[in-house]
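Below: the structure, in structure tokens.
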Amino acid sequence: MTSLAPLSANPAAIRADSVAPQLCIVVPTFNERDNAPVLFEKLDAALQGIPFEVIFVDDNSPDRTWEVVRRLAQQDTRVRCVRRIGRRGLSGACIEGILASSAPFVAVMDADLQHDETRLPTMLALLQSGEAELVVGSRYVGGGSADSFSSTRAGGSKFATVLAKQLLHIEIADPMSGFFMVRRDRFEAIAPSLSEQGFKILLDLIASAKGRLRTVEVPFTFGTRLHGESKLDSLVVMDFLGLVLAKLTLDTVSLRFLMFAFVGGIGLLVHLATLYLALAMNAPFAVAQGIAAFTAMTGNFLLNNRLTYRDQRLRGAKLIRGLIAFYIVCSVGLLANVGVAFSVYDQNAVWWLAGIAGALMGVVWNYGISSLLVWRK
Ligand code: GDD
Ligand code: MN
């Protein structure tokens, strides 16, 4: 492999009027059209003298945030817009924004002004001096606070923090923060292990770095949202629990697989309930079993589309095509399930062992093949 020549080798090749950004601020947005311009103004004021760029990563917001950002970018070359179509997710948006920058230092912050942009120069100085490789804007160290939280949200946040710290052996006070700055090269080295799902990119980064990321916390006060509303809902909480489980199994079991298996468990209940009802209505067993299987498969498909794969949800014609592909995948999965169960039973005649082996074979097959054929990227 040949190494690249140093950038300054040919000064004539560098345009005189361009100043390479030292710092990139990545701002994930979903329905933040009123907040984005205010945030940019505040960043401009807070970062006087620091060459920076701001990358807004917008998931095709219905309120057309991307349009507002594009207009800003027309007026100021320090603003960039990444508009993602057909994908959703805070973590994925942050990863994509960070990888889109070539600045040596990258920060992630919310668009709604809840994070304190005046802390950015301090955070940058810590990275530039080499004292830290990751700086976390922290609500839970001396001088920081999250007073604007409702009591439920405050309780939930504290509980999640304790859970994550205990289970994943994380030392810092606020691993659930959405405000941090990191050396881009260090981030890029860890990026292949990060999950695109959910909100907890910082937690994922720290857990995946396994102590190899020198981290310093800087206190800040979590403010109140300027315009619009929070997108943190119960699905985001599920994502968080899934992330903790995935990390506990050392990434051998992915968050998506856990969700898929969970949905599969619900499918089994749906199957049994439908079978029971159909038999109660005097349907012949074979017919009842067929109806139950179709109901369960359809239900599983819709649930997976809404939960497991909601970041790449199928709609319209793709939904129908996906459903048909899912029926086919699951039918083959069932054959594999029965085949494996039979051969295990043949060898040792323990019925439940054979049953579990068959079910495992089925879920692994269904998950693997449907990620290739149904929800393919
Ligand atoms: N691109 C994109 N896609 N952006 C998103 C998405 C998404 O699916 N969901 C949310 N965002 C953006 C919002 O537009 C906002 O700029 C930022 O991500 C944070 O979302 P909020 O909905 O404001 O989250 P929050 O204030 O409830 O939660 C914040 O605080 C938590 C700590 O309590 C976030 O910073 C969390 O990451 C943090 O853990
Ligand atoms: Mn917010």
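Residues checked against (1) under 28 Å from Q312 (Cβ atoms); (2) away from ligand 1 (no atom under 15 Å from the Cβ); (3) of a type outside the set (A, V, I, L, M):
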{"position": "A46", "(1), (2), (3)": "no, yes, no"}
{"position": "G49", "(1), (2), (3)": "no, yes, yes"}
{"position": "P62", "(1), (2), (3)": "yes, no, yes"}
{"position": "Q74", "(1), (2), (3)": "no, yes, yes"}
{"position": "C81", "(1), (2), (3)": "yes, no, yes"}
{"position": "R84", "(1), (2), (3)": "yes, no, yes"}
{"position": "E96", "(1), (2), (3)": "yes, no, yes"}
{"position": "A100", "(1), (2), (3)": "yes, no, no"}
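Being in contact with a helix residue (DSSP H, G or I) (Cβ under 6 Å, 6 or more places away or on another chain) and more than 15 Å from L47 (Cβ to Cβ), is that true of even one residue in segment 117-126? The answer is no; no qualifying residue exists.
Would you mind finding the one in V68, V57 that is within 26 Å of R310 (Cβ to Cβ) and assigned to a strand (DSSP E or B)?
From the options V68, V57, the qualifying one is V57.
Inside segment 202-234, residues that are farther than 19 Å from P104 by Cα and within 16 Å of ligand 2 (Cβ to nearest atom) make up a count of 14.
Does segment 177-196 include one or more residues that are at pLDDT below 90, within 14 Å of ligand 1 (Cβ to nearest atom) and surrounded by fewer than 22 Cβ atoms within 10 Å (Cβ to Cβ)? Yes; the residues of segment 177-196 include at least one that is at pLDDT below 90, within 14 Å of ligand 1 (Cβ to nearest atom) and surrounded by fewer than 22 Cβ atoms within 10 Å (Cβ to Cβ).
Only one of I324, I369, I266 is among the β-branched types (V, I, T) and without any contact (Cβ under 8 Å) to a residue 24 or more places away in the chain; which?
I324
All conditions in (1) in a loop (DSSP other than H, G, I, E, B); (2) away from ligand 1 (no atom under 16 Å from the Cβ) hold for A286, with the sole exception of (1). For E171, the conditions (1) modelled with pLDDT of 90 or more; (2) surrounded by fewer than 17 Cβ atoms within 10 Å (Cβ to Cβ) are fulfilled apart from (1).
The values are calculated or read from the model by the stated rules, or taken from the named source; none is laboratory data. Model, not experiment: these values are computed from the prediction. Note that each Cβ is placed from the backbone with ideal geometry, even for glycine, and that neighbours are counted across all protein chains shown.
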